[in-house]
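The values are calculated or read from the model by the stated rules, or taken from the named source; none is laboratory data. Computed from a prediction, not measured in an experiment: that's the story for all the values here. Heads up, the Cβs are rebuilt from the backbone with ideal geometry, glycines too, and the neighbour counts pull from every protein chain shown. Accessible surface is based on the protein model in full, side chains and every heavy atom, while ligands, DNA and RNA are left aside. Shrake-Rupley method; radii C 1.70, N 1.55, O 1.52, S 1.80 Å.
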Amino acid sequence: MMPLALTREISPAIARCELTHLARVAIDLDQARRQHEEYERALSEAGCRVHRLDAPGDLPDSVFIEDIAVVFDELAIVTRPGAESRRGEVPIVARALAHHRALETIDDPATVDGGDVLVVSRRVFVGRTPRTNAAGLEQLKRILEPFGYRVDGVAVDGCLHLKSAATSLGDATLLVNRNWVDVSAFGGLALIDVDPTEPSAANALRVGDSVIFPREHARTAERLRAHGLHVRGVGASELAKAEGGVTCCSLIVQGS
Ligand code: CIR
């Protein structure tokens, strides 16, 4: 069955998004919406059925739906986002996922952002960041280990989330920026480094046989093509100003 890609509308309040590492610059909302539509087209072309959830105006970061849940074959874990401003994003996403998976939740005092959770078959890497705390890591372990997943914390420094620094390209291969993540955690996996001039290029979204990837990171895209990967370029400049990348803007639900 086709994977489902859940996406979310861009909030008209995105100008008030959370920012950690970047200075605030104006986001062109029309351009951001065009780029988001291009992204959704890329998901469709990569074989997904796309379902876009709406976004009430008071949730600036709601387009970054990846942070609100982590979806496995056996269940989905609804997170408790590290930024308080983002907790109101949870109910609509949880309701949508409840049609497809049994749900578990991350509960106070734990915090987890989905962007910190990197799943590579039965291994789950969890970024230690200001958004995902030690209690979050413990709750993920308690939920996932009974299903046979191995869950490990990974040190992250200099970027927002683990998946700003490392993402899966499939076939036991990761795309990484080693300046931001301790790659010793990734034993047994092959690593492709971002081009040194493109530090933000480690966020790639593998779906089916394609890698959806920002057109802005042309040099790293060449590296991916040189490894035989099929790269679908999308314009991602506007949401990058809100510290979002290509994994952030969807939740992929396999077999739905
Ligand atoms: C935030 O700081 O929460 C948003 N402005 C960006 C979230 C990006 N999400 C992600 O990398 N998974």
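All but one of (1) open to solvent by 10 Å² or more (accessible area, probe 1.4 Å); (2) assigned to a loop (DSSP other than H, G, I, E, B); (3) under 20 Å from ILE212 (Cβ atoms) hold for ALA26; which doesn't?
It is condition (3) that ALA26 fails.
Within the range 30-53, can one find any residue that is under 21 Å from LEU205 (Cβ atoms), at pLDDT below 95 and within 16 Å of the ligand (Cβ to nearest atom)? Lay out the reasoning, then the answer.
Our first condition is that a residue be under 21 Å from LEU205 (Cβ atoms); within the range 30-53, this holds for 31-53.
Narrowing the set further to residues that are at pLDDT below 95 leaves none.
No, every residue in the range 30-53 fails to be under 21 Å from LEU205 (Cβ atoms), at pLDDT below 95 and within 16 Å of the ligand (Cβ to nearest atom).
Taking the condition within 15 Å of the ligand (Cβ to nearest atom) and polar (S, T, N, Q), does THR173 pass?
In short, no.
Output the residues belonging to the range 238-256 that are assigned to a helix (DSSP H, G or I) and open to solvent by 40 Å² or more (accessible area, probe 1.4 Å).
ALA240
Here is a list: VAL50, VAL78. Which entry is surrounded by 13 or more Cβ atoms within 10 Å (Cβ to Cβ), of a type in the set (Val, Ile, Thr) and without any contact (Cβ under 8 Å) to a residue 40 or more places away in the chain?
Numbers: VAL50 fails: without any contact (Cβ under 8 Å) to a residue 40 or more places away in the chain.
Sole residue among the options that is surrounded by 13 or more Cβ atoms within 10 Å (Cβ to Cβ), of a type in the set (Val, Ile, Thr) and without any contact (Cβ under 8 Å) to a residue 40 or more places away in the chain: VAL78.
Being among the acidic types (Asp, Glu) and open to solvent by less than 50 Å² (accessible area, probe 1.4 Å) is the filter here; which residues of the range 108-130 pass it? Spell out the reasoning first.
The initial filter retains those residues of the range 108-130 that are among the acidic types (Asp, Glu), namely 108, 113, 116.
Across the range 108-130, the qualifying residues are ASP113, ASP116.
Taking the range 184-196 as the region of interest, how many residues are buried (at least 17 other Cβ atoms within 10 Å of the Cβ) and out of contact with any Phe, Trp or Tyr (no Cβ under 9 Å at 6 or more places or on another chain)?
First pass over the range 184-196, keeping only residues buried (at least 17 other Cβ atoms within 10 Å of the Cβ): 185-186, 189, 192, 194.
Applying the additional criterion that residues be out of contact with any Phe, Trp or Tyr (no Cβ under 9 Å at 6 or more places or on another chain) yields 189, 192, 194.
The total comes to 3.
Can you tell me which residue in the range 131-148 is nearest to SER121 (Cα to Cα), limited to those that are open to solvent by less than 20 Å² (accessible area, probe 1.4 Å) and touching a Leu at 6+ places or on another chain (Cβ under 9 Å)?
My answer is LEU144.
Please go through the range 93-103 and give me each residue that is buried (at least 18 other Cβ atoms within 10 Å of the Cβ) and either of a type in the set (Asp, Glu) or part of a helix (DSSP H, G or I) (or both), ordered by number.
Scanning the range 93-103 gives VAL93, ALA96, LEU97.
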